[in-house]
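The next block holds one structure in the form of structure tokens; read it before the comments.
The values are calculated or read from the model by the stated rules, or taken from the named source; none is laboratory data. On a predicted model such as this, the values are computed, not experimentally measured, just so you know. Cβ atoms come from the backbone with ideal geometry, glycine included; neighbour counts cover every protein chain shown.
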Amino acid sequence: MNPYIAELIGTGLLLLLGSGVVANMLLPKTKGHGGGIMEISTAWAFAVFVGVVVAGPYSGAHLNPAVTVGLAVAGKFDWASVPGYILAQIIGAMIGVGIAWLMYKDHYESSDDPGIIAAPFGTSPAIRNLPLNFFSELVGTFVLIFVILYNQGAMLGDENQTPVGMGSLGAVPVAFLIWVIGLGLGGTTGYAINPARDFGPRLMHQLLPIKGKGKTDWGYAWVPILGPITGGALAALLYLVVGS
């Protein structure tokens, strides 16, 4: 499989399942209505597992621009491939969330709460404090990238040509990593830790004809983009300084 197609499909599956669980837990009249952070964090972790299983052998399963940029900063990924990977991730996220919206369309139309309608499409802070929200996204992504980089350093070696990414950590370990980040660090912003996961779906919220959706919160959108990118880059720089 072409690595760009692998990133598109892997990220699409990630968002189909991740957006789907948020819709299932929050939208009215679903079978899962009323679930909370444990169910949502667990499902997102397993959604990453699914994306990694599919994309890992072909692209390394970045599924996340912050992973792509972090690996490039650390010298483990070619900068020339960064734009193509990020574009594939964003398109995949848009497709995945679009399918999830269509599946839950009747339930979206049963809701009159714009906040609930927006939740499966993008993250939002529990308390809106943009500097601290940015810091939360930075820290969560820092942990993600730092662990990935150390595992790759131990298993692959700098000269190994195996595709690098979350798949190099292994599908099961990376699921546990996402799970603990969600449970430990996700309570402030909903832990996007992935610009494609937020930007692509947020754009779909803007574009789709969703009844009663309200305005798309573009004033917050920079936080789950720049926070994860900054956190990933800082993790890569620290890795180069202290442990590569």
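Structure values in brief
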| item | result |
| --- | --- |
| Scope segment 82-112; condition crowded, with 17+ Cβ neighbours inside 10 Å and not in a helix (DSSP H, G or I); matching residues | Tyr104, Ser111 |
| Neighbours by Cβ (under 6 Å, 6+ apart or cross-chain): first from segment 123-139, under 23 Å from Ala236 (Cβ atoms); second among the β-branched types (Val, Ile, Thr) and surrounded by fewer than 20 Cβ atoms within 10 Å (Cβ to Cβ) | Ser136/Thr188; Leu138/Thr230 |
| Residue within segment 147-159 that is at pLDDT 90 or above, surrounded by fewer than 21 Cβ atoms within 10 Å (Cβ to Cβ) and in contact with a Ser or Thr (Cβ under 8 Å, 6 or more places away or on another chain) present | no |
| Conditions (1) under 22 Å from Phe176 (Cα atoms); (2) surrounded by fewer than 22 Cβ atoms within 10 Å (Cβ to Cβ); (3) of a type outside the set (A, V, I, L, M); number of the one not met by Gly34 | (1) |
| Residue count for segment 163-210, restricted to those that are closer than 20 Å to Val21 by Cα and either among the small types (Gly, Ala, Ser) or assigned to a loop (DSSP other than H, G, I, E, B) (or both) | 17 |
| Gly36 being modelled with pLDDT under 95 and either on the phi > 0 side of the Ramachandran plot or over 16 Å from the mean Cα position of the chain (by Cα) (or both) | yes |
| Counted residues, segment 214-242 - those being crowded, with 17+ Cβ neighbours inside 10 Å, over 30 Å from Gly75 (Cβ atoms) and either modelled with pLDDT under 95 or polar (S, T, N, Q) (or both) | 1 |
| Sole residue being surrounded by fewer than 24 Cβ atoms within 10 Å (Cβ to Cβ) and either in a helix (DSSP H, G or I) or among the charged types (D, E, K, R) (or both), chosen from Gly20, Gly51 | Gly20 |
| Residues being among the β-branched types (Val, Ile, Thr) and without any contact (Cβ under 8 Å) to a residue 40 or more places away in the chain - total across segment 35-49 | 0 |
| Subset of segment 185-229 (residues that are among the acidic types (Asp, Glu) and under 15 Å from Ile86 (Cβ atoms)) | Asp198 |
| Residue among Gly98, Gly170, Gly165 that alone is modelled with pLDDT under 90 and more than 15 Å from the chain's Cα centre (by Cα) | Gly170 |
| Segment 116-134, subset among the β-branched types (Val, Ile, Thr) and farther than 16 Å from Phe199 by Cβ, residue surrounded by the most Cβ atoms within 10 Å (Cβ to Cβ) | Ile117 |
